[in-house]
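The values are calculated or read from the model by the stated rules, or taken from the named source; none is laboratory data. Since the model is a prediction, treat every value here as computed from it, not as a measurement. Please note: Cβ atoms are built from the backbone with ideal geometry, for glycine as well, and neighbour counts cover all protein chains shown.
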Amino acid sequence: MMNRDPRMMRQELERIREWAIEQLAAGTERPWSWYQYMKLREAAESILAGMDVAQPMDISPRSAPHLRLVGAVDSQFH
């Protein structure tokens, strides 16, 4: 079952990122795995940055956009 709580997802991603950083800092990884840890760290950072700028949509009726026609004037009435 997937956990959809954004706070938990953030904590898990931060924990994964820190683990990858620790693996990189240890310096004991083979070149191919070092590259994979680097990609993992970068991916986690990218997702976390996206979470920082993303705002959940409020689905309440008050947040629904209001449409208004602009410039649709019938020339007959002028």
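Go through (1) at pLDDT 95 or above; (2) touching a helix residue (DSSP H, G or I) at 6+ places or on another chain (Cβ under 7 Å) and name the single condition GLU18 misses.
Evaluating GLU18 over (1) at pLDDT 95 or above; (2) touching a helix residue (DSSP H, G or I) at 6+ places or on another chain (Cβ under 7 Å) leaves (2) as the failure.
From the set of residues in region 1-34 that are small (Gly, Ala, Ser) and in a helix (DSSP H, G or I), which is nearest to the chain's Cα centre (by Cα)? Spell out the reasoning first.
If we filter region 1-34 for residues that are small (Gly, Ala, Ser), which is where we start, we get 20, 25-27, 33.
After this cut, where a residue has to be in a helix (DSSP H, G or I) as well, the list is 20, 25-26, 33.
Numbers: ALA20: 19, ALA25: 26, ALA26: 29, SER33: 25 Å.
The qualifying residue nearest to the chain's Cα centre (by Cα) is ALA20.
Could you list all residues from region 1-34 that are exposed (fewer than 12 other Cβ atoms within 10 Å of the Cβ) and among the hydroxyl-bearing types (Ser, Thr, Tyr)?
THR28
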